[in-house]
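Read the structure below first, then the notes.
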Amino acid sequence: MTVSTVAPATVEGGVGTSARRPDGILKVAGEFAYSSDLWADEMLWGATVRSPHPSAEIRAIDITAAVALPGVYAVLTAADVPGARHYGLEVVDQPVLAIDEVRYEGEPVAIVAADHPETARRAAARITVEYAVRAPVTDPEDALSRGDLVRHVPVRRFASAGGTALTADVVVTGTYEVGMQDQAFLGPESGLAVPAEDGGIDLFVATQWLHVDQKQVAACLGLPAEKVRLSLAGVGGAFGAREDLSMQVHASLLALHTGKPVKMVYGREESFFGHVHRHPARLSYEHGATRDGKLLYVKARIVLDGGAYTSSTPAVVANAATLGVGPYDVPTVVVEAYGVYTNNPPCGAMRGFGAVQACFAYESQMDKLAAEVGLDPVELRRRNAMTTGSVMPTGQLVHGPAPVADLLALVRDRPLPPAATGDPRERPGGVANTTRGEGVVRGVGYAIGIKNVCFSEGFDDFATARVRLSVVGGEPAVLVHTAAAEVGQGLVTVQAQIARTELGVTKVTVATADTSVGSAGSSSASRQTYMTGGAVRAACQAVKATVLARVGRAGELALVDGKVVASDGAVVASLVDLLGNDVVEETVEWRHKPTRPLDPVTGQGDAHVQYAFAAHRAVVDVDTELGLVRVVEIATAQDVGKAVNPQAVVGQIQGGTAQGLGLAVMEEVQVVDGVIRNPSFTDYLIPTILDMPPMAVDVLEMGDPDAPYGLRGVGEPPTISSTPAVVAAIRAATGRPLTRVPVRPEHIAL
Amino acid sequence: MEFLQPADWAEALAVKAAHPDALPIAGGTDVMVDLNFDRARPGALLDLTRVTDLTDWGTDGDWLRVGAGVTYRRLIDELAGRVPGLALASRTVGSPQIRNRGTVGGNLGSASPAGDAHPALLAAGALVELASVRGTRRVPVTEYFTGPKRSVRTPDELIAAFLVPARPGAEQFAKVGTRNAMVIAVCSFALSLDAATRTVGTGIGSAGPTPLRATEAEAFLAAELPWETRGAVPESVAARFGELVGSAARPIDDVRGSADYRRHALAVLARRALAWAWTDPGGAV
């Protein structure tokens, strides 16, 4: 790992160190308690009846046979929902349980609680739903022409006032498609709802944002928010799939109805119906450039299939539109992005969030343009690379570092990997003995992407942190309490690191995230280290100010190794003596600089907080006759501003890249006429260790003056450009146009 | 659900006769998936893991007889030289954990058209040994599969073993999947060239309602191969063999691949397998 600027890590286990994760050994040893491991005495098990049809009217629901089954405690339908009968992140449109109609395959219709999970499933199977099946709307273009629009985001920016003619010496066009990707988290939707004596509910659940769940669950239960208390249970991955509710309201309803704790755990197959997916997209692009490859204009039309309900489609459309030309200086931009309703599975948040789909299209176009003007793909990108001071298509000035050309140079200049050694595991097809070199051609491809970090478009984005300093067992100790969701990314570790650095105290405990402290916002948009990290830092600084005020001369003093130290290094006091039995606690609600909405007609506005960039170079061996691909190596370079935990940063980069590789060559929820054909890990394939190659990773630390420690969100950028880089490499090996991901063997071989 | 645990083979057959609806389980790598996904709720499970006879192998005249309970791991470790094509196929089965548990007997019991062992057994001209309290019979594997997940096995029979010629031909197996490990075959192909009898055996997986032989391709190749000279296989012969293998398949379009791709890939695999088997009669890599 190359690090351009290294701040000295003065505090053991502090910011900039690869502090060890508290959950690491437990997870490797299989001892970590995930939400699916929750248990309560006398608890019941919930099960869900789901629609087999993508579109149907519900004529009748007969629950008699289910209720009659011994061991069944409750069978509930929409009529039993005491509060709001719909929920949603921003737009409240999704029924808790279907009301008179179903709009997608897998939509929940009824729920059951029983004393055994098998009994609950059997009871669910005994519920008879009479459907009048309707023809589903499954083609997004049909939906658009019917007016089933979720949101249209135009972005229009012209080089010269009034100059709307799009002409150039060199014009390349292309239409691209992105299939529906699943987040494929390994810990399925699960949680435990426990009825409380005050008539409320205590809900233990794997989620990404406790408070947005709390708000929706309380509304549906008809309870005030304070009677719906959520605690984060062990989360086995998220990637956006836990932004929307799944079993939260259902388990709570059953628990309140039966007066017993109710656990719900989705199986893998059910999980494919239990959460939103990445939006499938169709993207038509036209790039105009000079003969020496300088972009003059980009025109694009992007249609995203939002499926049956709104979820986060409006924000995904905005991302696709505003980031739709990539990290390039483009004088004239005309982007029209649409999200539509269909009877396909609902789509919403997934790592990369609209930027993934756009990047596959614009980077494919950049390669096409490079070929057209006779330039090396990296050189073409370099000539158009945005820099600090560039203006986005939205008119937003890019303030912070934008090392686009540097990142490209880093991956280009890496030595190329050697030829395959002959080990079968290095061949396309792996150990399946499909080639001994016959038909195998190597290819190299490049891509770079751009992602916004934090919430955009004027959203009031904040995080809350409570930090307590006291003496415990004769030592100074810090308790950090936030509602931020550790979803596997390492946020608990990062919060402790920040407290150690800010307060000079080694012993830091991070309390379980719950709703007894204010909202931290979602673990999404690559924002949590920035936002909750920023809040923890601010709360620590408030604690520090309070403590130092007791000594006086606050400006000249520091906290080091549990002591108050003067600027000359002299120890003024120990924290143990200074605090005695006192507890110093501060709670801070922290915000990033405000953003603005987009103009609904021009798409102009300072909508984003921070931009993040990553570049990838993929080297592939393709069996051109069979269409099988082995990715040999991926080199990547990413600017992270400040690597708060360098090992975790590299982990995010490797994981994100793997997810992008998956989209490039295998991952797709195949939907035909609104029906998912492969809801299992047997046929929804994600990369194995034989598919994911070694990576060469360059981490740049070009600090963003607006961000805590200068950091830049890390989680999403690796997922964005790895897909087009892999596809570019396959194109280089095969000469095939490959306008759709995932690339399937027949796209290459036939 | 009853859980029946016979201590030996005779008891297993008696139990199966008494409970013809009992589902035999050995490694459980297929059975447990069906149970977990609620696709099967058999009246009883018949646990064969205590029947030690099933995990033996040895020669039986001109045949190698391998107990139905021998795992893929053991086929790779102990029998790669005797069943080279099947050992190649075994390496492509699932993950190391699955290969440690899964058995060819289980593969035959499920009789899936995608079973990885089946093409290699077809190409090798294997026999399937079926037993019941009524007696034992050996069925050519070419006659064993009767439809998707269906076979000639009767409800009171158990799979005792499979048999392959004790002296294997030059065998190859290749499988196409859409990732590089842990994948169900999009299609697969096995080949056996027996120089002594100048015969050709083939097996096609995942490209029809059952595992298939490419009989026309076998006859064509047996007639055209330069057995006498051991000279190079003419390009036109290899190409025609590939075409005949592709056209012997009866594939469908499904989530794993299209029918056209399967025919195409089988033709490619057949050509390559022929080249490897002909030039390297020792077989496996």
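The values are calculated or read from the model by the stated rules, or taken from the named source; none is laboratory data. Just so it is clear, the model here is predicted, and its values are computed rather than measured. We place every Cβ from the backbone using ideal geometry, glycine too, and count neighbours over all the protein chains shown.
Out of everything in the range A:204-253 that is under 13 Å from A:A485 (Cβ atoms) and acidic (D, E), what residue ends up being surrounded by the fewest Cβ atoms within 10 Å (Cβ to Cβ)?
Only one residue fits best here, namely A:E243.
Let's see how each residue does on (1) of a type outside the set (A, V, I, L, M); (2) under 30 Å from B:A185 (Cβ atoms):
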| residue | (1), (2) |
| --- | --- |
| A:P428 | yes, yes |
| A:G445 | yes, yes |
| A:C454 | yes, no |
| A:T464 | yes, no |
| A:L469 | no, no |
| A:V472 | no, no |
| A:P476 | yes, no |
| A:L479 | no, no |
| A:T482 | yes, no |
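Sort through A:A607, A:A658, A:A614, A:A643 and tell me the only one that's closer than 29 Å to A:G710 by Cα, touching a residue at least 24 places away in the same chain (Cβ under 8 Å) and within 14 Å of another protein chain (Cβ to nearest Cβ).
Answer to the selection: A:A658.
Residue check: is A:L304 within 18 Å of A:E716 (Cβ to Cβ) and either part of a strand (DSSP E or B) or not assigned by TED's automatic domain parsing to the domain that holds A:F353 (or both)?
Yes.
Check A:G352, A:G339, A:G348, A:G306 and return the single one that is within 19 Å of A:A664 (Cα to Cα) and either buried (at least 24 other Cβ atoms within 10 Å of the Cβ) or among the hydroxyl-bearing types (S, T, Y) (or both).
Answer to the check: A:G352.
Could you check the range A:668-716 and list, in sequence order, the residues that are within 14 Å of another protein chain (Cβ to nearest Cβ) and among the aromatic types (F, W, Y)?
Within the range A:668-716, A:F681, A:Y684 qualify.
Since A:A614 meets every condition but one in (1) touching an Asp or Glu at 6+ places or on another chain (Cβ under 7 Å); (2) closer than 16 Å to A:N452 by Cα, which condition does it not meet?
(1)
Answer with yes or no whether A:R527 is at pLDDT 95 or above, among the basic types (K, R) and buried (at least 23 other Cβ atoms within 10 Å of the Cβ).
Against the criterion (at pLDDT 95 or above, among the basic types (K, R) and buried (at least 23 other Cβ atoms within 10 Å of the Cβ)), A:R527 qualifies.
How many residues are more than 14 Å from every other protein chain (Cβ to nearest Cβ), surrounded by fewer than 18 Cβ atoms within 10 Å (Cβ to Cβ) and not in a loop (DSSP other than H, G, I, E, B) when one looks only at the range B:221-239?
Residues flagged as more than 14 Å from every other protein chain (Cβ to nearest Cβ), surrounded by fewer than 18 Cβ atoms within 10 Å (Cβ to Cβ) and not in a loop (DSSP other than H, G, I, E, B) within the range B:221-239 amount to 4.
Which members of the range A:44-92 meet the condition of being part of a strand (DSSP E or B) and charged (D, E, K, R)?
Hits for the range A:44-92 are A:R50, A:E57, A:R59, A:D62.
Test of understanding: among A:P345, A:P418, which residue is over 30 Å from A:Q94 (Cα atoms), part of a loop (DSSP other than H, G, I, E, B) and modelled with pLDDT of 95 or more?
Of the residues listed, the single one that is over 30 Å from A:Q94 (Cα atoms), part of a loop (DSSP other than H, G, I, E, B) and modelled with pLDDT of 95 or more is A:P418.
Before we move on, is A:Q610 within 30 Å of A:L700 (Cβ to Cβ), not small (G, A, S) and not assigned by TED's automatic domain parsing to the domain that holds A:T388?
The answer is no for A:Q610.
Tell me yes or no: at least one residue of the range B:249-259 is more than 19 Å from A:R744 (Cβ to Cβ) and more than 14 Å from every other protein chain (Cβ to nearest Cβ).
Among the residues of the range B:249-259, at least one is more than 19 Å from A:R744 (Cβ to Cβ) and more than 14 Å from every other protein chain (Cβ to nearest Cβ), which makes the answer yes.
Considering the range A:273-313 alone, what residues qualify as being charged (D, E, K, R) and over 23 Å from A:T138 (Cα atoms)?
A:E286, A:R291, A:D292, A:K294, A:K299
If A:V629 passes every condition in (1) at the interface with chain B (Cβ under 10 Å from one of its Cβ atoms); (2) assigned to a loop (DSSP other than H, G, I, E, B) but one, which one does it miss?
Failed condition: (2).
Let me spell it out: the conditions are (1) out of contact with any strand residue (DSSP E or B) (no Cβ under 7 Å at 6 or more places or on another chain); (2) within 24 Å of A:P694 (Cβ to Cβ), and A:A371 meets all of them except one. Which number is the exception?
(2)
What's the number of the condition A:T532 fails, among (1) touching a residue at least 24 places away in the same chain (Cβ under 8 Å); (2) in a loop (DSSP other than H, G, I, E, B); (3) touching a Leu at 6+ places or on another chain (Cβ under 9 Å)?
Going through (1) touching a residue at least 24 places away in the same chain (Cβ under 8 Å); (2) in a loop (DSSP other than H, G, I, E, B); (3) touching a Leu at 6+ places or on another chain (Cβ under 9 Å) one by one, A:T532 breaks only (2).
Looking only at the range A:421-437, decide whether some residue is outside any loop (DSSP other than H, G, I, E, B), in contact (Cβ under 8 Å) with a residue 12 or more places away in the chain and within 23 Å of A:F185 (Cβ to Cβ).
No - not one qualifying residue is present in the range A:421-437.
So that you can scan it fast, the table gives a plain yes or no per residue for (1) closer than 16 Å to A:A255 by Cα; (2) at pLDDT 95 or above; (3) crowded, with 23+ Cβ neighbours inside 10 Å:
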{"residue": "A:D62", "(1), (2), (3)": "no, yes, no"}
{"residue": "A:G71", "(1), (2), (3)": "yes, yes, no"}
{"residue": "A:A79", "(1), (2), (3)": "no, yes, no"}
{"residue": "A:P82", "(1), (2), (3)": "yes, yes, no"}
{"residue": "A:V92", "(1), (2), (3)": "no, yes, no"}
{"residue": "A:V102", "(1), (2), (3)": "no, yes, yes"}
{"residue": "A:I111", "(1), (2), (3)": "yes, yes, yes"}
{"residue": "A:A114", "(1), (2), (3)": "yes, yes, yes"}
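Going by the conditions given, is A:D213 part of a helix (DSSP H, G or I), touching a Leu at 6+ places or on another chain (Cβ under 9 Å), acidic (D, E) and at pLDDT 95 or above?
yes
Can we say B:V268 is part of a helix (DSSP H, G or I), within 11 Å of chain A (Cβ to nearest Cβ) and modelled with pLDDT of 95 or more?
yes
Any idea which of A:S721, A:S680 is outside any helix (DSSP H, G or I) and not aromatic (F, W, Y)?
None of the others qualify; the one that does is A:S680.
Take the residues in the range A:636-691 that are acidic (D, E) and at negative phi; name whichever of them is surrounded by the fewest Cβ atoms within 10 Å (Cβ to Cβ).
Of everything passing the filter in the range A:636-691, A:D683 is surrounded by the fewest Cβ atoms within 10 Å (Cβ to Cβ).
Residues to consider are A:R382, A:R412; find the one that is over 19 Å from A:V325 (Cα atoms), assigned to a helix (DSSP H, G or I) and not acidic (D, E).
A:R412
Could you list, in sequence order, the residues of the range A:542-551 that are touching a residue at least 12 places away in the same chain (Cβ under 8 Å) and either of a type in the set (A, V, I, L, M, F, W, C) or out of contact with any Leu (no Cβ under 9 Å at 6 or more places or on another chain) (or both)?
A:A542, A:V543, A:V547, A:L548, A:V551
Could you check B:A160 against (1) closer than 29 Å to B:L45 by Cβ; (2) part of a loop (DSSP other than H, G, I, E, B); (3) more than 14 Å from chain A (Cβ to nearest Cβ) and say which number it fails?
(2)
Kindly provide the set of residues from the range A:683-716 that are farther than 23 Å from A:C359 by Cα and not in a loop (DSSP other than H, G, I, E, B), ordered by number.
If the condition is that a residue be farther than 23 Å from A:C359 by Cα and not in a loop (DSSP other than H, G, I, E, B), then A:P708, A:Y709, A:G710 are the ones that fit.
Considering A:G326, A:G288, A:G293, which residue is modelled with pLDDT of 95 or more, more than 30 Å from A:P195 (Cβ to Cβ) and either surrounded by 24 or more Cβ atoms within 10 Å (Cβ to Cβ) or within 14 Å of chain B (Cβ to nearest Cβ) (or both)?
A:G326
Among the residues of the range A:416-463, what is the count of those that are over 30 Å from B:E171 (Cα atoms) and either within 14 Å of another protein chain (Cβ to nearest Cβ) or among the β-branched types (V, I, T) (or both)?
4
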